[in-house]
Protein chains: 2
Amino acid sequence: MKCTRCRGAAEVQLRAHNSAFCRPCYLLFFRLQVERAVASEKMFTKEERLLIAVSGGKDSLALWDVLVDLGYDTTGLYLGLGIGAYSSRSHDKAAAFAAARGLTLRVVELAEEGPGMAVPAVAGLTRRPACSACGTMKRHYFDQLAIDRGFPVVATGHNLDDEAARLLGNVLHWQMPHLARQRPVLEPTHPRFVRKVKPLFRISEYETAIYSFLRRIDYVVDECPNAVGATQLVYKDMLNRLETASPGSKLTFLQDFLSRAQPELPSANADGPPQTCVQCGMPAFGEVCGYCRLVRETTAKRERRAASGAA
Amino acid sequence: MKCTRCRGAAEVQLRAHNSAFCRPCYLLFFRLQVERAVASEKMFTKEERLLIAVSGGKDSLALWDVLVDLGYDTTGLYLGLGIGAYSSRSHDKAAAFAAARGLTLRVVELAEEGPGMAVPAVAGLTRRPACSACGTMKRHYFDQLAIDRGFPVVATGHNLDDEAARLLGNVLHWQMPHLARQRPVLEPTHPRFVRKVKPLFRISEYETAIYSFLRRIDYVVDECPNAVGATQLVYKDMLNRLETASPGSKLTFLQDFLSRAQPELPSANADGPPQTCVQCGMPAFGEVCGYCRLVRETTAKRERRAASGAA
């Protein structure tokens, strides 16, 4: 097997791209893919300060690595979700990555933001699915931190497998508003929202894993324990079955959707533009934002439990 | 496990419907499902003569059986595709079913319609995928026979699994015109087209198999040999994985699409209404219809082969 680019001995085969690469050409290919995504989708410029949401997994660390390599102005943000050993291992990997490269990593620990605010506690008290509570809190802190520290852009490590699985889930339930919003770049619709971008949206999980391996990035291998049994994994499994039968299908599925089948974004006036949360000042649909509702609910449940325990 | 309807001992469990039935109640449930589909989609009335496309498989025979039972005026149509032993077994089953019930079965053998017109010969000579050649010929004969013999409606045995798999395939490639046309009822757009209906579109393959078993319908069990490796089977497999994880998903996927996500049918003027084939008088997009193009091509290839063999 020869490298598609230099005709040397190839080490990585990419069936989806009908290509094979030697190590140096693979790294070049990967960087080019990211560069093209950033440019073609007008994600950000070298003049903008980027906040990279870093989980300690391969995708977000590979993203950070490649953006540093491409000369972007990056700062990492690690959100400590308080999911036991998984979270501490994730924190260690993210911190070690930043330290070894002299990069800045900001850390926010949910448990320090308020009593009972770690993901398992919030999920347990409010009886919400852990992934739903986690998502609400992540979105809140990403926006709030970016806005408060002057970052116009938050970049996340969502890869092709994530995006294709999300698209499949949205299609299987015909979630039209979600389909309209599933984009590699989401512009802010409120002064306290920032631009959200996914520079790896065309790069598969497999390709990011190879990149991380070749770049010797040390990352958390285990999935979040809350993801076990998650529907998202069923969608990924379905798409992997398809990809095996017909390499490149995931990419076609996502790209064709974005280029010719995506519903229009509803005009800002359709549901009304986001209002401003009376409690925290962040954007809200209603008087209070989703995060503050979660905090209220958690606090109320905690107090009720404490009271009944004391009685 | 108790019958959802009569509280007797259940024999059939339907996880997708969160129900279980004893034999008599299952047959009733099945008939009701078909009756409701026919009524809610305005498929046909008791006054209309129905031509049932019968392959000898469980779906088309179950469809014929239930429509007879519901008192509709039905005639079967068996199209002999000439696919070796599979076709002869299919013909035998269809003929035996009709004979045992005193029903009329019309038979058209492709091989008798013209030399080299059986599916394997056409596919071999024109180098088209067998399923593509087969589809073109089926559509032609269904419409032609219906129109010539005074049937305003052709009913086919497509079930939920077929329709959900087709929908998934159309979505994975974002085939917008195909998505617009995928309906349980397709009204004719030309005087020599008839209405096409799929009364089993909400009933799963599993449910039809159970019905056929309980009604002692003797059908061809083997899949068409040309279907081996067909992408359609990959889509079915993907959906079966989903259905196992989340029963009822196939039905939701199809129903929600039809009720709130289907693109509009293009107006008749968009691509121009179908013209009339100068050769056979059937509808055509262009001067000659797809079937006549296939015949022309097959004939030309046969003659060229015969000439080079004689030279």
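Each value in this text was obtained by applying a stated rule to the coordinates, not by laboratory testing. Here the structure is a predicted model, which means the values were calculated and not measured. Cβ placement follows ideal geometry from the backbone for every residue including glycine, while neighbour counts extend to all protein chains displayed.
About the centre of its Cα atoms, chain A shows a dipole size close to 240 debye [charges on the beta carbon of Lys, Arg (+1) and Asp, Glu (-1) only; nearest 20 debye].
Here the Karplus curve 6.51 cos²θ - 1.76 cosθ + 1.60, taken at θ = phi - 60°, turns the phi angles of the range A:88-95 into couplings of 5, 4, 4, 4, 4, 5, 5, 5 Hz, with x standing for Gly and Pro.
Extension gain, B:Ser259-B:Leu70: 0.36 nm per intervening residue step, less the Cα-Cα distance, totals 65.4 nm.
With the Kirkwood sum run over all distinct C-alpha pairs, the range A:67-207 has a hydrodynamic radius of 16.8 Å. With each label modelled as a point 7 angstrom along the Cα→C-beta vector, the B:Ser308-B:Asn18 pair spans 6.3 nm. For the options A:Ser55, A:Ser90, A:Ser40, a Gaussian network treatment of chain A with springs between C-alpha atoms closer than 10 Å singles out A:Ser40 as fluctuating the most. Positive end of the dipole of the range A:18-71 (Cβ unit charges, origin at the Cα centre): among A:Ala20, A:Leu70, A:Leu32, the Cα lying farthest that way belongs to A:Ala20.
Rounded to the nearest 0.05, the FRET efficiency derived from the C-beta distance between A:Asp148 and B:Cys131 at R0 = 51 Å is 0.30. Taken along its three principal axes, the alpha carbon spread of the range B:201-273 comes to 47, 30, 28 Å, from the longest extent down to the shortest.
Rounded to the nearest 20 debye, the dipole magnitude of the range B:67-194 is 280 debye, with +1 charges on Lys and Arg beta carbons, -1 on Asp and Glu beta carbons, and the Cα centre as origin.
Across peptide B:168-180, the mean count of Cβ atoms from other chains lying within 10 Å of each residue's own Cβ comes to 4. For A:Ala284, the residues whose modelled amide H falls within less than 5 Å of its own, excluding neighbours fewer than 5 places apart on the same chain, are A:Gln275, A:Thr276, A:Cys277. Restricting attention to the range A:98-161, which trypsin sites (Lys or Arg not before Pro) occupy a DSSP loop and are surrounded by at most 14 other Cβ atoms within 10 Å? Sparse-neighbourhood loop trypsin sites (Lys or Arg not before Pro): A:Arg127. Calculated FRET efficiency, B:Ala111 to B:Ala230, Cβ-Cβ distance, R0 = 30 Å: about 0.85 to the nearest 0.05. Per-residue Karplus couplings for the range B:46-58, computed as 6.51 cos²θ - 1.76 cosθ + 1.60 with θ equal to phi - 60°, are listed in order as 5, 7, 8, 7, 9, 9, 9, 6, 10, 9, x, x, 5 Hz, Gly and Pro entered as x. Per the rotation superposing chains B and A, the chain B residue found at the smallest beta carbon distance from the axis is B:Met238, 2, distance in Å. Couplings 3J(HN,Hα) for the range B:191-201, derived from phi with the Karplus relation 6.51 cos²θ - 1.76 cosθ + 1.60 (θ = phi - 60°), are x, 9, 9, 10, 5, 10, 9, 10, x, 9, 5 Hz, where x marks Gly and Pro.
Distances between placed amide hydrogens fall under 5 Å for B:Arg106 paired with B:Gly76, B:Leu77, B:Tyr78, all partners being 5 or more residues away or on another chain.
Histogrammed with a bin width of 5 Å, the alpha carbon distances of the range B:84-150 distribute as 3, 15, 20, 24, 21, 11, 5, 1, 0 percent, first bin at zero.
Would you kindly state how much longer the chain becomes between A:Ala100 and A:Lys2 on full extension, computed as 0.36 nm times their sequence separation minus their alpha carbon distance, in nm to one decimal?
That pair, A:Ala100 and A:Lys2, stretches by 31.9 nm at full extension.
Taking every DSSP bridge with both residues inside chain B, close to 35 percent are antiparallel. Placing pseudo-labels 7 Å out from each Cα toward the beta carbon at B:Arg215 and B:Glu187 gives an inter-label distance of 2.9 nm.
Only Cα pairs under 8 Å and 6+ residues apart enter the sum, and on that basis the relative contact order of chain A stands at 20 percent.
In loop segments of the range B:1-42 as defined by DSSP, there are no GluC sites (Glu not before Pro) with at most 14 further C-beta atoms inside 10 Å of their C-beta. Using a simple spin-label model with pseudo-atoms 7 Å out from Cα toward Cβ, B:Arg49 and B:Thr252 lie 4.5 nm apart. Of all DSSP-defined beta bridges confined to the range B:5-108, some 25% are antiparallel rather than parallel.
Between the listed residues A:Cys277, A:Leu251, A:Val171, the Cα displaced farthest toward the positive end of the dipole of the range A:162-311, a dipole computed from Cβ unit charges relative to the Cα centre, is found at A:Cys277. If every alpha-carbon in the range A:126-242 counts as one equal scatterer, what log10 I(q)/I(0) does Debye give at q = 0.09, 0.20 1/Å? Each listed q maps to, in turn, -0.30, -1.42. Treating each Cα of the protein assembly as shown as an identical point scatterer and ignoring solvent, apply the Debye formula and state log10 I(q)/I(0) at q = 0.09 Å⁻¹. Debye curve over Cα of the protein assembly as shown, log10 I(q)/I(0) at q = 0.09 Å⁻¹: -0.91.
All C-alpha pair distances within the range B:176-229, sorted into 10 Å bins from zero, spread as 18, 30, 36, 16, 0 percent across the bins. Along each principal axis, taking the top coordinate minus the bottom one, the Cα set of chain B gives 75, 45, 41 Å in descending order.
The magnitude of the dipole of the range A:153-311, with charges of +1 and -1 set on the Cβ of Lys/Arg and Asp/Glu and taken from the Cα centre, is near 420 debye. With semi-axes defined as the square roots of five times the eigenvalues of the C-alpha gyration tensor, the equivalent ellipsoid of the range A:180-311 measures 36, 26, 16 Å, largest first.
Helix-only arithmetic for chain B: the sum of -39500 (n - 2.57) across DSSP H runs with n ≥ 4, divided by the residue total, places the mean residue ellipticity at 222 nm at -15500 deg cm²/dmol. Shape summary: the range A:5-157 maps onto an equivalent ellipsoid whose semi-axes, from the alpha-carbon gyration tensor, are 33, 18, 15 Å in decreasing order.
Springs between Cα atoms under 10 Å define the GNM used for chain B, and in it the highest mean-square fluctuation of B:Thr45, B:Thr298, B:Thr74 occurs at B:Thr45.
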